[in-house]
């Protein structure tokens, strides 16, 4: 028996091996998670089959499947998916376009860093959900309060991570930059930014994760559609089969978008940040 | 011609330490140091570790200002570092092209790039990133980068000390060959006595902190010099005895 290989991270030994081992690794990469998934479905089925919980409190896989088809046919699910994705995208883009430059600036200025770090940390540890009442009073109902909450959830970790990354750039890069006359804006775009890009991508993934968790809660209060609203409505109608549908979609979409963001780490000019 | 013009310019380069003293707080690092580097000369500084060799290079590069005395710097100065001096987000050719930033003509720049890649024998590695190269290859890229374009003076801060012994021997030979093709003024800091004896026109043996020049040694044997070359062996003996080893 050979040891199972960690998927997506071929060790030196795997690379040295023959292509058959490579194929085996690829098959395992899909086979192992599929086995876990099937086992989970099976447990879920058994639990509902023996009526451990009443049917209204834990819907069976079959009931969820039926409800999923129904939601898709009614077109509501697609509509909710688009609404949620839109809000997260807008909120996330706003916090990235403000948070990354803010982090770059703070990272370069010691006194600004000293001045702002406690404040940024304070807000980072404040759950974005605490802002819900303000969000609704300030932005009323619709996309805006949700976007605001997404922004509050992702701006602070992003700015802080970028700042920390800039502050720890090896000084040798700046000395080299000086030798070759990099100054001002060019220094920022050609040296500082690429030097922190791998860490910025990592923090984008992390803060996207937070944003995706927050959107569900945000939509439960301030919205008339969206995945979070869907769950809320299912709860009100005691349609937990529908709620589980939404949960599955939320989980899958979250994973899918993280996959997309992971593609950024495959850019050739950031590989160095993950390989050494 | 491009290369010819550079040589003339390089002949006008100046690098002088005039009565320079330096300290970090209460730590007195340099005391009344005088150094006049002739254009085209290879000056090697050797001395016990922690004696202030790197401080001298930092003063010469303008990275720090001396507490007293003056530093005269004329010409384009570039530094080769011990390691990690390449930008990891740029490929080999992109890193080298930093050295060609002052060359405005794109055709000329491409021609120079091809020449440099050929010079350091890294054909086929143009689009490789530094982390995919060996230590010796990386240092060769650094050499190409500092030699590119309009540089006059090269400061080398133990550039080969993180390499294994055999690679180090090869890189010394490589440096001699490159300087043969592209003349530059060089100030080279090392703790490696062999390296000093093989490379230098002039060796300055430094005392321990605060650093002063204990001994100046001229070596006029032609390069490349074999390790067993009598001139090299003689120089090594002199340096060793000066260091009390």
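Based on C-alpha pairs under 8 angstrom that are at least 6 apart in sequence, region B:101-245 has a relative contact order of 17 percent. Between residue A:175 and residue A:238, the modelled labels are 7.3 nm apart [label points 7 Å from Cα along Cα→Cβ].
Taking only the alpha carbons of region A:156-252, we obtain Rg and Dmax values of 21.5, 68 Å in that order. Taking chain B as a Gaussian network of alpha-carbon nodes connected by springs under 10 Å, the highest mean-square fluctuation of the residues B:166, B:198, B:132 belongs to B:166.
Working note: Cα atoms of chain B, range along each principal axis, descending, whole Å: 50, 40, 34. Each of B:121, B:191 was scored by other Cβ atoms within 10 Å of its Cβ. Listed from fewest to most, they are B:121, B:191. Arranged from fewest to most other beta-carbon atoms within 10 Å of their beta carbon, B:51, A:223 become B:51, A:223.
The largest-to-smallest principal axis extents of the Cα set in region B:77-149 are 31, 28, 21 Å.
Summarising the strand pairing of chain B, around 50 percent of its internal DSSP beta bridges are antiparallel. Taking every alpha-carbon pair under 8 Å whose residues sit at least 6 apart, chain B reaches a relative contact order of 28 percent. Spin-label model, residue A:140/residue B:227: points 7 Å from Cα along the beta carbon direction are separated by 8.3 nm.
How large is the Rg to Rh ratio of the protein assembly as shown when both quantities use alpha carbon positions and Rh follows Kirkwood?
Working: Rg = 31.6 Å, Rh = 28.0 Å.
Reported Rg/Rh (Cα atoms, Kirkwood Rh): 1.13.
Diagonalising the gyration tensor over the Cα atoms of chain A and scaling each eigenvalue by 5 before taking the square root yields semi-axes of 40, 30, 14 Å, largest first. If both residues of a DSSP beta bridge must be in the protein assembly as shown, then about 50% of such bridges are antiparallel.
Among A:169, A:231, A:257, which comes first, then next, by fewest other beta-carbon atoms within 10 Å?
Values: A:169 16, A:231 23, A:257 19.
Ranked by crowding around the Cβ, least crowded first: A:169, A:257, A:231.
Any idea how far the Cα center of region B:13-45 sits from the one of region B:55-79, in Å? The two parts, judged by their Cα centres, are 8 Å apart.
What residue among B:192, B:152, B:226 shows peak mean-square fluctuation when chain B is described by a Gaussian network model with Cα springs under 10 Å? Between B:192, B:152, B:226, it is B:226 that shows the largest mean-square fluctuation. Springs join every pair of Cα atoms under 10 Å in this Gaussian network model of chain B, and among B:208, B:70, B:134 the largest mean-square fluctuation is at B:134.
For the Cα atoms of chain A, what angle does the longest principal axis make with the long axis of helix A:227-236, in degrees from 0 to 90, nearest 10? Helix A:227-236 sits at roughly 30 degrees to that axis. In summary, the convex hull built on the alpha carbon positions of region A:207-276 has an orientation-averaged projected area of 5.6 nm².
Coordinate-derived values only; no laboratory data. Note that the structure is predicted; figures quoted are calculated from it, not measured. Here Cβ is always computed from backbone atoms with ideal geometry, including for glycine, and neighbour counts include all displayed protein chains.
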